[in-house]
Each structure stands twice: as structure tokens, then as C-alpha cells.
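Taking it in order: structure first as C-alpha cells, then the write-up.
The values are calculated or read from the model by the stated rules, or taken from the named source; none is laboratory data. Note that the structure is predicted; figures quoted are calculated from it, not measured. When we count neighbours, we look across all protein chains shown, and the Cβ atoms used for this are built from the backbone with ideal geometry, even at glycine.
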Amino acid sequence: MKRLLFYLLLLGSFSAGAVPLTFRVDMSQQTVAPTGVHVAGNFQAAAGFGADWNPATTLLTDPDNDRIYEVTVNVPAGTYLYKFVNGNAWGGAELPPTSCGVADGGGNVNRQVTLGSTAQRLTAVPFGGCPTLVTFRVNMRGQTVTRAGVHVMGNFQTLAGYASNWDPTAIALTDNNGDDIYEAQVALPAPGRFFYRFVNGTTTSETVPATCGTDDGTGTGALARVYNATAAVNDVAAVCFGTCQTCGPSLTGYATHWWNEAVFYEIFVRSFYDSNGNGQGDFVGLTQKLDYLNDGNPNTTSDLGITGIWLMPMMESPSYHGYDVTNYKATEPDYGTMAEFEAFLAAAHQRGIKVIVDLVLNHSSDQHPWFQQSASSAASPFRDWYRWSSTNPGLGWYQRNGSYYYGYFWSGMPDLNWRNPQLKAAMWDASRFWLRKGVDGYRLDAVKYLVENGSVIENTPETFSVLEEFHDSVRAVNPNAFTVGEAWSATPQVVPYVVNQRLDVCFEFDLASAILSSVNAGNPAALRQQLSVVDASYPKLQYATFLSNHDQNRVMDLLGGNLARMKQAAALYLTMPGVPFLYYGEELGQTGSGVDEEKRKPMQWTSGANAGFTTGTPWRSPSANYPQVNVATQQADPASLLNHYKRLIGLRNAHPTLRTGYLLPLTSPTTSLLGYARVKDQEAVLVVSNLGSAAATSPALSMALSTLPAGNYQVTELLSGQSAGSLTLDAQGGLSSWTPASLGALPANQTWLLRLVPTNPTATTAAQANAALQLYPNPASSQVQLRFTAPAAGPAQLRVYDPQGRLLRSAAFTGPSHTLDTSTWAAGVYFLRVQAGTRTAVQRLVVTH
């Protein structure tokens, strides 16, 4: 939902329960200031030192005069940033190297520690320097990861500051981008030879095969992996759990699901179609209009072609919008009975349409019986189902019956207390209720606000924990249920919601904004950059794309009523990776800005009275443009926006490449062009869009490389059906300065969808498809190792390209592996192509500093 209140979001993530954490720094090479040595970071407030990042309050001491200064604090489990200070002012602060720190992008580098549920005594690090760092990695693809996560244990743990060696619970690994590679970095006081094993959960240790295992020295005869950490920074190659196989991430080895095949349509039931003349849309009206969305016959072209529906709140509520629920197991009476909802659901399923419904987990209505009972008495058994205080803590707290309750959005929406087991059980029961009715999943409203932790109100570890429980509860009823979250934040804050078995996807607000701003500006730069960020950040394809929704001004208004720009924006987001959602009426160019009711006006079906929405008095008047902008009028116009949407959705439905192909950038010297390729198996679709105000004459297109086999390809422009000639892909699967001459100029705000189908792929196809190249670490900072999973036949040739297709460097090597120094490379995305004889492999590398 749209935010109605704004709070200060503090850095740091905390969870309940204090855990001892000991900071230690080696000052043997420093002259200690008279005011001593301090540590500052985002842990200080939680540890009782007042404000975070205060260089003068947390003093370290050296009681045994060994020049190792230390202090122990008690803080909740979580991830913390910190740095040491020689003295008590920022002028004496250290600047750790980026190889063992986290850069903030502004020239500052902090240290970072992730604290679990057990005490941790950090390795003493040189002031301003690095310890010996070892990053352990394991590929869990094909494994069922337990809810306890993945851990690593070994004979190095006491050296790293943990209580004991071979503790399977202390060092958790994380998968931060959904590529199935779990990793953790451990700081050690010195180089050494270390034994280790990975653990699925906290009890199921892998069995290391004898071909790569060594007796672990514990006297049990168990085998362990072994690693010689001889450098300052050591990156252990990712291995498949329980095997000797090196298993890095793959450009094409990603999972897809039914929702990656779908196009969703967001519907506000109250505004879609009124079946009984009372001015309110209803389930019966929705059912009557299903054939407009999808008639269930793939051979017809009269329907829109959507394959998924998201219903905005349809549970009982006192408000027109429904986001304040009074009964989580009842339908909104204005919309119809439960039987009518079930009839709609069955009719949708008969047409091949999946249905997800809005589920409001953050809050209920203040008229909900739970809240009424909670507010009635401090002794009520429902009291703790909400958050109460005897005094007024400030913003967001409201008085009721002499006490104060918390409601992030407003007083009529009190926040549910997710720390209460009874409340949690009741909500899980409600979610299972609708799944058993047959709904296919949920859109989760305001998901980032579920559980507060002190002054931290967004994105807390407790919220992630609730979502993990929600995932398990939902999947126990329907293993194929789909969940999409509204975590209205910048991309880096959204990604954690779609990893570690929390939600399946979240809406990509930054990408939606970039599409509209670039189309409006006539400049693709912002969109090109955000598309690259999104592709690098999320598990492949697992995010939701859209242009606008019920909380935002209508997209036609945002584009200034410009039909050409509207068509262009649609062509872009409906051909990008991700799961597309369109807001009802968007396909017509409906308008509506300002207050929320204006953005949620009735659907415009005809040019007749009330836009054909109702025979009665509509709950809200249709937009004034409905005589011209309506379904009936646009269906009869081949050039209409509606028919443009039908063609785009039809093409997405017809071509697997547009649904589940991976993304590669295209480049062109024509600066107004945005280009990208969708690649799947041996086909591709090149999307070329002219955001400028003038036609692009004979635009030249280049693609540095791909997994496509070399050879000739026939090219067809899908929107027009026109032949665009042919092209030849080189040995890298790339093309250079190719022009679709038969298409002529690409007009302003127009888009080509160029389908490539091979006519004579070369004999290297099989080898190219089967060649496997592993990169680790990936992302990399200072260096990356390349390794073939099978011996290379003869010398190998390496070429490194940037996303614009420029060849940056090349090298030859022999043997199964090669190490690249990336310390001087700019942070960003690179494509590496290695050819050894007839074997070719392509991988994508992310470099971070």
C-alpha cells in the first residue's frame, strides 16, 4: 500500500536476544592515542551505548599488555558494520582495505560481522589491515535446503573466535542472489591448512567422497575437505554438496516456474464490472468479463491473452479499498457471496487463468473483532495480538480506552503483532483457507513492515523470519502456490525478500520508474543501467515487472497522454525478463491521478452511459475520456493501444524465449536506442527500441557474445511479421554492426522484436552447449579463477567483454584453470568467453569493490 507515514530507517539489522560479541584489534604497529582505542558502528545503540557511530563511547582495553585491545558487547544476532578508532574522534579512524571491508560508495570502508545465536570472539585484526580471509562456498542446487540453512564447520573455528571446532551451528552460509551458491567469509589470524565440511541444516553433514577427502583428525575416521589458505584473501571454489565436483553459477542453469510463463492482470473488483446495477463491481460481473481477458481458446485473437489475475482485496472490509480487513475468511459483501467467488475462480481456471488474491498481513481493520476484543481490556486474551503501550511512544501510536496502539498507516489500520504465536497461527490458518478454496497464491501488501525492532521498522530479520514461516505454511497446502510481495524500496533492499525461501518475487519499483523516466526523457541511459542492476541482483527472472499500480498515478498520465510513448513502454516491459503485471484499463490508456479513488475508477467498456460499467449510479464516475477510450472502440481499431497490448501479450505467450530466456545487452552507435536480447536454447529475440524523437536510420546492432551456436539465422520482425533478412553469428555467438536493412529506419518511440532462428548451426553446437566453465568467486573483487569442469583439449583462448560488447582484454592459457586479476577492473558486469579447440563456454562475471 501507499505509505501514509514516514519514519527514520536506521542502518543495521537486529534480532531478539542478546549475544556476546568481542571486538579485537592489534595495535602493535600503532602509537596508541592518549584517549585510548575505540570501536564505532551500527551496533552501539543496541549494545546500550546511546547513538550508533559514536567514536568516543565504546572503549577497548589491553589488560595483559599484549597490544591486542578488545571489548565485549551484548547485542542481538544480526549483521553489523564497524571500524576501529585510534583515539576518540573520527580523525583517528582506520580505513580498512576493501579486500576485508565493505565500501559505502563514498570512499569509506567499514568492517562487517554477521553474528549468529552463539557468542563470537573476533580474530584480532591489524589496525587498518586485514586478517587472513577464507571464503567457503557450496552449491546446493538439487538439494532441499532445510529451514535451518547451510553451515560450514571445521578445525579452524576456534582460531576464528568461535567456541569450539567442528560446531555445525556456528557459521551460517547465505545465498544472497538466489544462484544456489551459499557462502561465508571467515577471518583467521594466520595462513594455514584447514579441514572442513558443509552441513545442510545444523545436523546433516555432507559425506565427503574419498577422491577429494582427507581424514579430519578427530579420530572418527570421517573425511573432510582440505584447503591451504596461503594468501591474504582466499576464495575456495564452490563445490556441489557431497561431491568432488566444482559447481559455480551458470548463465543458463536457472530454475523457472509456472509464474514465469504467465502475464498477470491486476483488478480492483469494485471498478471492473457491475452485474446487478448497484454501481459496484462484483464477482458475477468479473466472471461475465473473463472472456475479454482470456476466452480459453488459444486459436482466437479477440481476448487480451492474460494468464493470471491478481485481485485487489476481496475479503470483508468497511472501506471501499479493502485493505483494512474485518474477516480474513469472508468475501466482501459488496462483491458477492462465497459461492459467487468460487464460481468465478472455477470459471477462471477453466480458461487457464491462475488467480492470486491480496493478503494483508501487516494490519487489520480497527473494526476487526480481534482488535475490538484487544482494545476492550488489558486482560483480554487478544490484547497481545496488537501492539499496546501505557504511554504514548510518539508517531504512529493512537489512543484507545486509555492506552496507545501502533498503526503504521493510520489509526484505522492497527498493526498485527507477529511476535504473538496465537496471532500467527490464526493468520496461517486464514492463508490456508483460501488456498484450499483453490486460489493459486497471494500478493502480499506492505510486506516490509511486518515486524518492527525498536526504531527499525523496515526489512528486519524478524520480518524475514515470518516470511520464511509463511512460505512453509503456504507450500504445505499447495507446493505450487505463488507469492509476490510489495516491498516498495530500492532494488538492493528488495532482493532479500526473494531469497532463502521467503517470497517468490517482488515488484521491481525501480525498474518501473526507470522505464517511464527514460521513455519520457527520450534517453535510454537510466533504463539501461537499471536493467543491468536488476539482472545482476535477483535470482534469474524472479521479479515482477509493471508500469504503474493502484497506488500510483495512471501510466498514461505519467506519460503525458502520449500514445506512442505508452505503446513503447508496454513493448519494453512485456518483452523484458520477469513476471509482468498490468493494471486494469492500462491496455486502454485509462487516466486517473491524485487521490487514490481517481486511480481506481471504473473500467471503460463502451462509449455508452457510465462507460458500460453499470446500469445504475457508479460508485465513482468514469474518467471523462471514456467516450473515446473504451474497449469497444479500441477493439475495432487495429492501431489502438488495446490491440497493441494483445499483440505483445500474444507474442510473449507464443515464444518461450520472451518468457524464460536470459538477458544480454545489445549495443549500437545510435544513442537513442535501447537494445537487449532474450536468449533460450538456440533461438533469440532482439528487442530494439528507439526512445529518441527522430527516426533511427539503418541502426547498426552488436552483441558481444552469447550461448547461441555460430552460423546463419533467419530474422523476422514479430510485431509486423515482416522478414528482416538474415545474419551470421560468429564463433562467440555474437554479431557486429548488423543492420536489418530491409526494415529501413526505426521511427521514434517504435520497437522492433527481431526473432532469430538458426538455418545452419555449425558443428560446434553440441560442444558449445555442453562446455562447462566455472568462475569463482563470482561476484569477485580482487581475482577470479576460471576452471573447465572437464580437461581442455589444447590451449584455451579467453576474451573479456563489457556489456556494450567492447573487447576489453584477451589471454591464452593451458590446462584446466586460469586466474584473472580483477583488482583494477571497474565494478560492473562482464562476459567471459573461453574457447579450447571446438569447446566454447560463456559466463557472466560480476566485479565488486
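Against the condition part of a helix (DSSP H, G or I) and either among the hydroxyl-bearing types (Ser, Thr, Tyr) or at pLDDT 95 or above (or both), how does LEU304 come out, does it pass?
Numbers: part of a helix (DSSP H, G or I): no; either among the hydroxyl-bearing types (Ser, Thr, Tyr) or at pLDDT 95 or above (or both): yes.
No: the conditions fail for LEU304.
In the list GLY281, GLY305, GLY285, which residue meets the criterion of being buried (at least 21 other Cβ atoms within 10 Å of the Cβ) and free of Cβ contacts under 8 Å to residues at least 24 places away in the same chain?
Working: GLY281 fails: free of Cβ contacts under 8 Å to residues at least 24 places away in the same chain; GLY305 fails: free of Cβ contacts under 8 Å to residues at least 24 places away in the same chain.
The conditions single out GLY285.
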ALA684 fails exactly one of (1) modelled with pLDDT under 95; (2) assigned to a strand (DSSP E or B); (3) under 28 Å from the mean Cα position of the chain (by Cα), namely (1)
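On the basis of being surrounded by fewer than 22 Cβ atoms within 10 Å (Cβ to Cβ), in contact with a strand residue (DSSP E or B) (Cβ under 9 Å, 6 or more places away or on another chain) and over 30 Å from ASN278 (Cα atoms), does ALA330 make the cut? Quick ask: steps written out before the conclusion?
On the way: surrounded by fewer than 22 Cβ atoms within 10 Å (Cβ to Cβ): yes; in contact with a strand residue (DSSP E or B) (Cβ under 9 Å, 6 or more places away or on another chain): yes; over 30 Å from ASN278 (Cα atoms): no.
It is false that ALA330 is surrounded by fewer than 22 Cβ atoms within 10 Å (Cβ to Cβ), in contact with a strand residue (DSSP E or B) (Cβ under 9 Å, 6 or more places away or on another chain) and over 30 Å from ASN278 (Cα atoms).
Taking GLN143, is it in contact (Cβ under 8 Å) with a residue 12 or more places away in the chain and in contact with a Leu (Cβ under 6 Å, 6 or more places away or on another chain)?
On the way: in contact (Cβ under 8 Å) with a residue 12 or more places away in the chain: yes; in contact with a Leu (Cβ under 6 Å, 6 or more places away or on another chain): no.
No; evaluated as a whole, the condition is false for this residue.
Any residue at all in region 104-123 that is in a strand (DSSP E or B), in the same structural domain as LEU173 (by the TED database), under 27 Å from THR848 (Cα atoms) and charged (D, E, K, R)? Even if it seems obvious, please write down each step before you answer.
Step one: of region 104-123, the residues in a strand (DSSP E or B) are 109-115, 120-121.
Now restrict to residues that are in the same structural domain as LEU173 (by the TED database): none.
Among the residues of region 104-123, not one is in a strand (DSSP E or B), in the same structural domain as LEU173 (by the TED database), under 27 Å from THR848 (Cα atoms) and charged (D, E, K, R), which makes the answer no.
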Single unsatisfied condition, ASN88 versus (1) outside any loop (DSSP other than H, G, I, E, B); (2) touching a Ser or Thr at 6+ places or on another chain (Cβ under 7 Å): (1)
Filter region 606-640 down to residues that are surrounded by fewer than 20 Cβ atoms within 10 Å (Cβ to Cβ) and among the hydrophobic types (A, V, I, L, M, F, W, C) and give me whichever is nearest to the chain's Cα centre (by Cα). ALA639
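Here are HIS321, HIS363: which of them is under 20 Å from ARG443 (Cβ atoms), under 26 Å from the mean Cα position of the chain (by Cα) and either buried (at least 23 other Cβ atoms within 10 Å of the Cβ) or not acidic (Asp, Glu) (or both)?
Numbers: HIS321 fails: under 26 Å from the mean Cα position of the chain (by Cα).
It is HIS363.
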Please enumerate the residues belonging to region 339-360 that are in a helix (DSSP H, G or I) and surrounded by fewer than 21 Cβ atoms within 10 Å (Cβ to Cβ). ALA339, GLU340, GLU342, ALA343, ALA346, ALA347, HIS349, GLN350
Which fully enclosed strands (runs of 3 or more DSSP E) of region 177-285 have 1 or more residues being under 30 Å from THR331 (Cβ atoms)? 264-267
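Pick out the one residue from MET576, MET603 that is of a type outside the set (S, T, N, Q), surrounded by 24 or more Cβ atoms within 10 Å (Cβ to Cβ) and under 30 Å from HIS655 (Cα atoms).
Values: MET576 fails: surrounded by 24 or more Cβ atoms within 10 Å (Cβ to Cβ).
Unique residue meeting the criteria: MET603.
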What pairs come out if I take residues in region 483-506 that are on the phi > 0 side of the Ramachandran plot and pair them with residues that are part of a strand (DSSP E or B) whose C-beta lies under 8 Å away, six or more apart or interchain? ASN500/THR174
Scanning for something crowded, with 22+ Cβ neighbours inside 10 Å, hydroxyl-bearing (Ser, Thr, Tyr) and out of contact with any strand residue (DSSP E or B) (no Cβ under 7 Å at 6 or more places or on another chain), does region 258-271 turn up at least one residue? yes
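Give the residue that is surrounded by the most Cβ atoms within 10 Å (Cβ to Cβ), with candidates limited to residues of region 458-487 that are hydroxyl-bearing (Ser, Thr, Tyr) and outside any helix (DSSP H, G or I).
In the first step, residues of region 458-487 are kept if they are hydroxyl-bearing (Ser, Thr, Tyr); the result is 460, 463, 465, 473, 483.
Then drop every residue that is not outside any helix (DSSP H, G or I), which leaves 460, 483.
Working: THR460: 22, THR483: 25.
That would be THR483.
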All positions within region 63-85 that are surrounded by 16 or more Cβ atoms within 10 Å (Cβ to Cβ) and either in contact (Cβ under 8 Å) with a residue 60 or more places away in the chain or not in a strand (DSSP E or B) (or both): VAL75, PRO76, ALA77, GLY78, THR79, TYR80, LEU81, PHE84
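If you take the residues in region 480-493 that are of a type outside the set (Phe, Trp, Tyr) and modelled with pLDDT of 95 or more, which one is farthest from PHE507 (Cα to Cα)? Talk me through it step by step, then tell me what you get.
Looking only at region 480-493, we keep the residues that are of a type outside the set (Phe, Trp, Tyr), and these are 480-481, 483-487, 489-493.
This time we only want the ones that are modelled with pLDDT of 95 or more, so: 480-481, 483-487.
Working: ASN480: 19, ALA481: 17, THR483: 11, VAL484: 7, GLY485: 6, GLU486: 6, ALA487: 7 Å.
Checking each candidate, the answer is ASN480.
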